[in-house]
Every structure is written in C-alpha cells, then in structure tokens.
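Before any comments, here is the structure.
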Amino acid sequence: MESVSGYTISQCQVARLPLGTYEFVIHYAEMLDENTAEFRHSHPQMELFYAHSGGLAILFDDEEVLINAGDLLIVPPSIRHHVQNIPGEKKTYFVLIFDFKPVKSHASRQFSDIHEIQEIDALLKTLPQDRYTFCPAAWDAHALFDQIYAEHSKKQLGWTGFTNMLYYGFFLHAMRHIVSISEPHKTTHEATNLAIEASKYIHSHYHENISLETLARHLHISRRHANRIFNKMFNTTFGKTLRLLRLTYAKRLLSTTEFSVEDIAEQVGLSSAQSLRKLFKQSEGITISQYRKRNCPGL
C-alpha cells in the first residue's frame, strides 16, 4: 500500500454533520508527520490521535505517552498536551478535533438511529475527563485514509460532504474499539495494573535482551514513568528485579542440569558466563562451582 507520507489530508474549517438531535462537529482534521512542531496547548473539544506509521510521543503535564502504529489515543477537553518533535524520527499521525453534542432541532427528531447516537454520546461521557484514553492496536485505518486522500485530490461533486462522512466513520471506528476494551485494559495506565503488567513482561522476557526502555515501549509510557511506577509498587528498581529473576532461573538450571555456565548465562539473558559468575558471587557469596558441589553433588 502506498505510504501516506505526502498526502494532502487537511480539514481546517469547521464542518457540521447533522445526526438527528445530535451533530458531529469537525473542528480540525489533518495527517501530520515528523516535520510538525507543536507547542503545549489545550482546547474545549475532544481530540483523537491515530499513529499511522512510526512511534508517537504525546506529552502531558506529568507524563509522556508512547503510541505505535495502529494505536489510538483520545484526549478529553481542556487537557494540556503536545506531540514531541524528535528530529530525524520518521512518523505520520492523524489528528481529529471534534465535538459530539445534542442540538435543538424539532425537525430532526425522526432520525432513525437516534438510540444509537444517544449510546455514542453516553459512551463519550463515561470516558475520563482528567486524563487520556488509550486503545492499543486499534485497527489498520490505511484504507480509510486512502479514501479521504482520494476525495481531497479529485474534488469531485460532493467531495466535502463525503469527506466529512469519512471522518465520522473514523470516529465510529474509534468508538467501537473503546467499547471492545475490557475493564482491566481500561485501567492499564493506573499504577497497580501498570506494575502488574511490568512484572508479567519481565517474567515472560527475562531471557531476552530487555531493558527499562523496552518495558516502557511495551506499556506505552515514558521510561521515567515506568521507573517511577515500578519503584512505587515494588520498592525496588527494574534492573534489580531483572537481575534477581535471572539469578533465580540460573540457580534452578545449575542445580537440575549439566548445562555449562556459558549455556545457562545465555538461557537467562545474561551477556556472558563472566556476568553470571559475578552476579552469582555478589548475591550468594559463593562461586558457582561451590554452589553446584553443595546442592547437586550427583551432577
């Protein structure tokens, strides 16, 4: 599929899409890239961020949130934020600033999907008003952006109205994925659940070349925030926890197998046998040879 880089997708005029007793108001819609420079700002409307390609770092007052291609982030009204600009880091992302609100119009009350529209309004009201809502791996919206781009490029009869409907379709896709997120996922970014997710990640990947940075990317938060959450919940650091876990698995292999120290070091994610010997001596106060003689004389 053709890259969206270079697409002319830009809606800078306010557009209103009537939906019976409600209206969907598009204040701004645009596909942006790494050349965009933002300042910290807020506005009275909601904002949707969709990472189209590459990674995107969105900064709030006390937190940096990382989203990857396919991820979706919804920012409530009046929350100060901006996208971090990192020179040379390629990315494209779509931004939609909108309102979804009731209108006073007696003539529009026959709209056939009024109950569905009210359901969407109720869903929006359940979203947090003091922080973002994150939807990981929401969906692949490339085909939708191709359609929007085609309308902008060809400008055939009725293209503005059709484009507004496509923006609304993008919004509906976002709402569907919010509904599909279970309660545990909705609270992923709360401290307790973040720490649990961090612990699960370490136990699943301790044998790989992982770091606080890879953990932060997995949790879609900044490195600093990941470190703060980990220390708060476990009263220790990511590095110490990882070393302790690797040592625990190494001890199990040392006492139950005849694997060499080099093989065991590799299996638990350490860079060398020397690293394992050093870690073992520091933690246990004895050498690996002494440990094996004491705990597994038959091996």
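Of all residues in segment 230-249, those satisfying the criterion of being crowded, with 16+ Cβ neighbours inside 10 Å and of a type in the set (Ser, Thr, Tyr) are 241, 249.
Only one of the numbered conditions (1) modelled with pLDDT of 90 or more; (2) touching a Lys or Arg at 6+ places or on another chain (Cβ under 8 Å) is violated by residue 266, and that is (2). Residues in segment 250-270 that are in a helix (DSSP H, G or I) and more than 14 Å from residue 291 (Cβ to Cβ) were compared, and the one that is most open to solvent (accessible area, probe 1.4 Å) is 266. Taken residue by residue, segment 1-14 has no member that is crowded, with 16+ Cβ neighbours inside 10 Å and modelled with pLDDT of 90 or more.
In summary, residue 277 fulfils each of the numbered conditions (1) open to solvent by 90 Å² or more (accessible area, probe 1.4 Å); (2) in contact (Cβ under 8 Å) with a residue 24 or more places away in the chain with the single exception of condition (2). Across segment 231-249, the qualifying residues are those that are of a type in the set (Val, Ile, Thr) and outside any helix (DSSP H, G or I), and the one among them that is modelled with the highest pLDDT is 237. Restricting attention to segment 10-42 and to residues that are in a loop (DSSP other than H, G, I, E, B) and among the polar types (S, T, N, Q), the residue that is farthest from residue 89 (Cα to Cα) turns out to be 21.
Taking strands (runs of 3 or more DSSP E) that do not extend beyond segment 43-88, which have at least 1 residues that are surrounded by fewer than 18 Cβ atoms within 10 Å (Cβ to Cβ)?
Details: elements: 46-53, 56-60, 64-67, 72-75, 81-83.
Those strands (runs of 3 or more DSSP E) span 46-53, 56-60, 64-67, 81-83.
Scanning segment 237-270 for residues being without any contact (Cβ under 8 Å) to a residue 40 or more places away in the chain and closer than 27 Å to residue 131 by Cα gives a total of 1.
With segment 132-230 as the region, which helices (runs of 4 or more DSSP H) entirely inside it contain at least 1 residues that are modelled with pLDDT of 85 or more and over 30 Å from residue 11 (Cβ atoms)? Ranges flagged: 191-205, 212-219.
The values are calculated or read from the model by the stated rules, or taken from the named source; none is laboratory data. Source: prediction; values computed, not measured. Here the Cβ is made from the backbone with ideal geometry for all residues, glycine too, and neighbour counts use every protein chain on show. Ligands, DNA and RNA are stripped out before the accessible areas are found, and what is left, the full protein with its side chains, is counted by its heavy atoms. Shrake-Rupley method; radii C 1.70, N 1.55, O 1.52, S 1.80 Å.
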